[in-house]
1. From (1) assigned to a helix (DSSP H, G or I); (2) more than 10 Å from chain B (Cβ to nearest Cβ); (3) at pLDDT below 85, pick out the condition that doesn't hold for A:Pro121.
2. Given the conditions (1) surrounded by fewer than 16 Cβ atoms within 10 Å (Cβ to Cβ); (2) at pLDDT 85 or above; (3) not polar (S, T, N, Q), report the number of the one that B:Ala13 does not fulfil.
3. In this structure, does A:Ser167 turn out to be more than 7 Å from chain B (Cβ to nearest Cβ) and of a type in the set (S, T, N, Q)?
4. Tell me which helices (runs of 4 or more DSSP H) are completely within the range A:1-100 and hold 1 or more residues being more than 16 Å from the chain's Cα centre (by Cα) and modelled with pLDDT of 80 or more, or say none if there are none.
5. What number of residues within the range A:10-21 are free of Cβ contacts under 8 Å to residues at least 60 places away in the same chain and closer than 16 Å to A:Thr53 by Cβ?
6. Only one residue in A:Val135, A:Val172 is in a helix (DSSP H, G or I), at pLDDT 90 or above and within 24 Å of B:Gln30 (Cβ to Cβ), so which one is that?
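The values are calculated or read from the model by the stated rules, or taken from the named source; none is laboratory data. Bear in mind that the values here come from a model prediction, so they are computed numbers and not experimental data. Methodologically, a virtual Cβ is constructed for each residue, glycine included, from the backbone with ideal geometry; neighbour enumeration extends over all protein chains shown.
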Amino acid sequence: MHTSSKLTKEFTKKWVKGLQICCSSKKNMDVLERKKKIKLCADIALASAKNATTSWSIALISEAKKDGENKILVDNLLGPKSPFKQQKTIPLMSTCHKRVRSKKILKRSCSVGQRMKKMGPPKSNLATYIAKRLVKKRTQVLQRLVPGGESMDEFSLIKEALDYILSLRVQVDVMRSLANAAEVSNQTDPNVFD
Amino acid sequence: MSSRRSRQSSSGASRITDDQIIQLISKLQQLLPGTRIQRSNKSSASKVLQETCTYVRSLHREVDDLSDRLSQLLSTIDADSPEASIIRSLIM
């Protein structure tokens, strides 16, 4: 798949650049802070490697820019001619309401199912009704997982999820290779890092 | 499926058909880890969606774990040192 190798290269370049920017500013970060920076750089690099072609990448960048500290890093990483700059920030609703709502929907669907059973509808209607409720519930969960998912309709959500999964895989592969390489180099030259 | 809902919500210019949605769901199914050969066409949409959510969550967790691991490994490396550039060249 040549598209994923292109994405791999883009992501790796941007991520390493981001790491350089982060790590050069503060030499003595504690482990947790460093981890957050690494993760942030990885997410931003992944989204920017997409070059504003997908909604989830745009949403991810907007979300990252909301934090004042991160905004500088994001701007540095994206560069002056980034297509992300023109995007408006997509307001992300708080997700806890959705969680409560989906639990309520499940309860309601269970109770409605029982009510309908008492009334004795034809079985096929009940099955499709419950199936639709299930699909709706799962779709809501997926909306929360994909960045910017709350504002997407079902069709776009599934398309975005497809792309998001492919990109996440690339991210995991690159990060894993770097972790393995760092481990190997740590083992071979333990004295060099003093 | 909920194709009726999406047809109502989409504009007149872009009508989303059942087939398109089914195609998307099957593409999603192909991406998911698991028995790829034995994936029957009858996997319901809700099951595929559920597995998708689980898969995305597990990918997120992996990224998190890898960031942890990397932050511990890279804590000893100075960003400008030659070792960092070796690592960089290894992964490029």
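1. Here A:Pro121 meets the rest and fails (1).
2. Exception for B:Ala13: condition (2).
3. So A:Ser167 passes the test.
4. A:2-25, A:31-49
5. Narrowing the range A:10-21 to residues free of Cβ contacts under 8 Å to residues at least 60 places away in the same chain: A:10, A:13, A:16, A:18-21.
Still in the list and also closer than 16 Å to A:Thr53 by Cβ: A:10.
Here the count works out to 1.
6. Of A:Val135, A:Val172, the one residue that is in a helix (DSSP H, G or I), at pLDDT 90 or above and within 24 Å of B:Gln30 (Cβ to Cβ) is A:Val172.
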